[in-house]
Amino acid sequence: MEVNKSNGGGISPSEFNGRSEIAADAPNAIEVKNIVKRYGDFTAVDDVTFAVKEGEIFGLLGPNGAGKSTLIRMMTTLIPISAGAARVDGHDVARDPNAVRRTIGVIPQALTSDLDLTVEENMNIYAKLYDVPAKRRKEAVEELLETVDLTKWRGAQTKTLSGGMRRRLEIARGLVHSPKIFFLDEPTTGLDPVSRVAVWEMLTTIKAKRKLTVLITTHYMDEADRLCNRIAIVDHGKLVALDTPEALKASVPGSNVIEAHFEHPPDDWEVRLKALPGVTSVQNQSAGMFRVLTSNGSGTTTDLVEMAVVAGVPLKTLTVQNTTLDDVFVHYTGRQLRDELVKAYTFVMPQSPGVRP
Ligand SMILES: Nc1ncnc2c1ncn2[C@@H]1O[C@H](COP(=O)(O)OP(=O)(O)O)[C@@H](O)[C@H]1O
Ligand SMILES: [Mg+2]
C-alpha cells in the first residue's frame, strides 16, 4: 500500500484504507476471558471475552463511559482485574505483570509528553526509562522521529507543538523500546480530520516496518472502519458485537440507507415509512429528517417518493447509501453514537473543572 507520510496530498478520512491482510491461523497476541471490573456496586466492564491476532489492528468502539479505558488499563497491568483473566503475548496479566510490561507500549488517553522538554528529550527520557542500550536508543529515536515526521522539530520544546504533533511524538515515544503490542487509548480524539489521517498513516507505516499488534480505542466510526481489521463494539461495559467492519455492516438487516428530508410530514409518517416493502427500520432523526434502512434501495426509493407525492408532502432532499458503521451501532445498542457524543460534549462545558471529555 502507498502511504503518504506527510499527508501533503490531503487525504480525507473517507479515502484512507490502512488495513492489511491477517492470516486466519495467526497466533493470539491478546486473549481476554470473561474479564470484569467492579468499582463498588458499579460494574464498569462486564464479562468481556475476545482475542486479538498477531499483526492485527483491533478496535474497541464505544461511547464515553462504555468501559474502553478500563479494559485497556486492565490489559496493560495498570489496574487490578475483578474477575476473569487476560493474557498478553502469552503472559498472564495478573500473575506476570512485569513480563507483560516489557512487551507492550501504551499511549494513555490524556496527553502525557513533558511540555518543558524538547521532542528529542521526551524520546530519550523514555528510552532510558525502558533501559534501551545507548546505541540502539540513538537509532530508534532517529528512525521513529522520521516515521512520525518530526525530525525537523527534534529540538523544539514540546509546548510549541500542535495537538496532532504531540500525539505523533507520543506514538513515537511509546515505540522506542520496540514493543510487540501497542495499546492506544483514543489517540485521535480532539484532532482535526487532517491530523487524524496523519496519525492513521503513521500507525500504518510503523506496522509495515515492525511486527506490531495494535489495540486502539475510539468513538469515531470512520476511524474504526478505515483502520481496524476487526472491531469490538462495547456499550455499558458489555461487548455487544465483534467482527470485521464489512461483516458487521452485513449483519445489519437492510443493505441500503435512504436519508429523506420531508417538509411538515404528518404525525404517522414514520409508521407509514416503516410499512413500505423492504423497510427494516426507520429513525426520525430531526424534524422531517428520516433515516430508512431497506433491503431494496431502488424499490423503496420509488415507493417513498410516490407516497410523498400522493400525500402532498414535499420532499426536500433524498440520498441513498450503503449501510455504515453508524447503522451497525444503532442496530446493536439501540441508539446513535453521534447522539451520545453530542450529549456528552454538551455536558462537558469548558467551565466545569475536573470533568474529563
Ligand atoms: N476509578 C473509577 N472509579 C469508579 N468508576 C470508574 C472509575 N474509572 C472508571 N469508572 C467508570 O467506569 C465506566 C467506564 O469508564 P471508562 O473505562 O473510562 O469508559 P470509556 O473509556 O469507554 O469512556 C464509567 O462509567 C466511569 O465513570
Ligand atoms: Mg476512555
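Every read-out reported here was derived from the displayed coordinates using simple, explicitly stated rules and does not represent laboratory data. Just so you know, these numbers come straight off a predicted model, no measurement behind them. Ideal geometry is used to build each Cβ from the backbone, glycine not excepted, and the neighbour counts take in all protein chains shown.
Please report the antiparallel percentage of the DSSP beta bridges confined to the chain, to the nearest 5. Don't jump to the answer; show the numbers that get you there.
Numbers: 40 of 58 bridges.
The antiparallel proportion sits near 70 percent.
Loop-only trypsin sites (Lys or Arg not before Pro) in region 208-280, please: DSSP not H, G, I, E or B, and at most 11 other Cβ atoms within 10 Å. Mind showing how you got there, number by number?
Working: sites: 209, 210, 211, 226, 230, 238, 249, 272, 274; in loops: 210, 211.
Filter output for region 208-280: 211.
What residue among 261, 91, 331 shows peak mean-square fluctuation when the chain is described by a Gaussian network model with Cα springs under 10 Å?
Looking only at 261, 91, 331, the largest GNM fluctuation is found for 261.
Among 294, 86, 179, pick out the residue whose Cα is farthest towards the positive end of the charge dipole of the chain, where Lys and Arg carry +1 and Asp and Glu carry -1 on C-beta, about the Cα centre.
179
Going down the list 159/180; 238/316; 68/135; 37/274; 152/207; 209/238, which pairs span over 32 Å between their C-alpha atoms?
On the way: 159/180 30 Å; 238/316 40 Å; 68/135 37 Å; 37/274 40 Å; 152/207 23 Å; 209/238 34 Å.
With Cα atoms farther than 32 Å apart: 238/316; 68/135; 37/274; 209/238.
Provide 46, 268, 92 in ascending order of the number of other Cβ atoms located within 10 Å of each residue's Cβ, fewest first.
Least to most surrounded, the residues fall as 268, 92, 46.
Using just the helices of the chain, give the 222 nm mean residue ellipticity in deg cm²/dmol: DSSP H runs with n ≥ 4 each add -39,500 (n - 2.57), and the total is spread over all residues, rounded to 500.
On the way: 12 runs with 122 residues, N = 357.
Result for the chain, helices only: -10000 deg cm²/dmol.
Measure off 7 Å from each Cα along the Cα-to-Cβ vector at residue 271 and residue 157, then give the distance between these two points in nanometres to one decimal.
Taking the simple label geometry, residue 271 and residue 157 are separated by 6.7 nm.
Work out how much length residue 110 to residue 320 would gain on full extension: take 0.36 nm times their residue separation and subtract the Cα-Cα distance, in nm to one decimal. Spell out each step's value before the answer.
Values: separation 210, 0.36 × 210 = 75.60 nm, distance 3.86 nm.
So the extension gain works out to 71.7 nm.
About its Cα centre, what dipole magnitude does region 13-247 give when the only charges are +1 on Lys and Arg Cβ and -1 on Asp and Glu Cβ, stated in debye to the nearest 20? Spell out each step's value before the answer.
Details: 32 positive and 33 negative charges, 149 e Å.
Magnitude of the dipole: close to 720 debye.
I want to verify a result. In a Gaussian network model of the chain, Cα cutoff 10 Å, which of these has the top mean-square fluctuation: 163, 237, 278?
Fluctuation is largest for 278.
For residue 180 and residue 42, calculate 0.36 nm times their separation in residues minus their Cα-Cα distance, and state this gained length in nm to one decimal. Let's see the in-between values first.
Working: separation 138, 0.36 × 138 = 49.68 nm, distance 3.31 nm.
Taking residue 180 through residue 42 to full extension adds about 46.4 nm, to one decimal.
Just subtract the alpha-carbon distance of residue 305 and residue 25 from 0.36 nm times their residue separation and send over the number in nm, one decimal.
Details: separation 280, 0.36 × 280 = 100.80 nm, distance 4.92 nm.
That pair, residue 305 and residue 25, stretches by 95.9 nm at full extension.
Please rank 30, 231, 22, 125, fewest neighbouring Cβ atoms within 10 Å first, as an exposure proxy. All intermediate terms of the calculation are to be shown ahead of the outcome.
Working: 30 22, 231 27, 22 18, 125 15.
By the 10 Å Cβ count, ascending, the order reads 125, 22, 30, 231.
Given the options 122, 28, 98, state which has the largest fluctuation in a GNM of the chain using a 10 Å cut-off (strictly under) for Cα springs.
With Cα springs under 10 Å in the chain, the top fluctuation among 122, 28, 98 is at 98.
So for the pair residue 142, residue 287, with labels modelled 7 Å out along Cα→Cβ, what separation do we get in nm?
With each label placed 7 Å out from Cα toward Cβ, I get 6.4 nm.
Loop-only check: which GluC sites (Glu not before Pro) in region 166-275 are DSSP coil with at most 12 other Cβ within 10 angstrom? Present the calculation step by step, with values, prior to reporting the outcome.
On the way: sites: 170, 201, 223, 246, 259, 263, 270; in loops: 263.
Passing both the DSSP loop test and the Cβ count: 263.
Once you treat every alpha carbon in region 1-153 as an equal point and sum by Debye, what is log10 I(q)/I(0) at q = 0.09, 0.13, 0.20, 0.21 Å⁻¹?
Scattering profile of region 1-153, log10 relative to I(0): -0.41, -0.86, -1.32, -1.33.
Return the distance in nm (one decimal) between the two label points of a simple spin-label model at residue 236 and residue 98, each offset 7 Å from Cα along Cα→Cβ.
Computed distance between label sites residue 236 and residue 98 equals 4.2 nm.
Among the complete DSSP H segments of the chain, which ones combine at least 27 Å of alpha-carbon extent along their axis with a mean Kyte-Doolittle hydropathy of 1.6 or more? Don't jump to the answer; show the numbers that get you there.
Numbers: long enough: none.
Membrane-span-like by this rule: not one helix.
Determine the relative contact order of the chain: mean sequence separation of Cα pairs under 8 Å and six or more apart, normalised by residue count, in whole percent. If you can, show how the numbers build up before the last one.
Numbers: 659 pairs, mean separation 69.3, N = 357.
Contact order relative to length: 19 percent.
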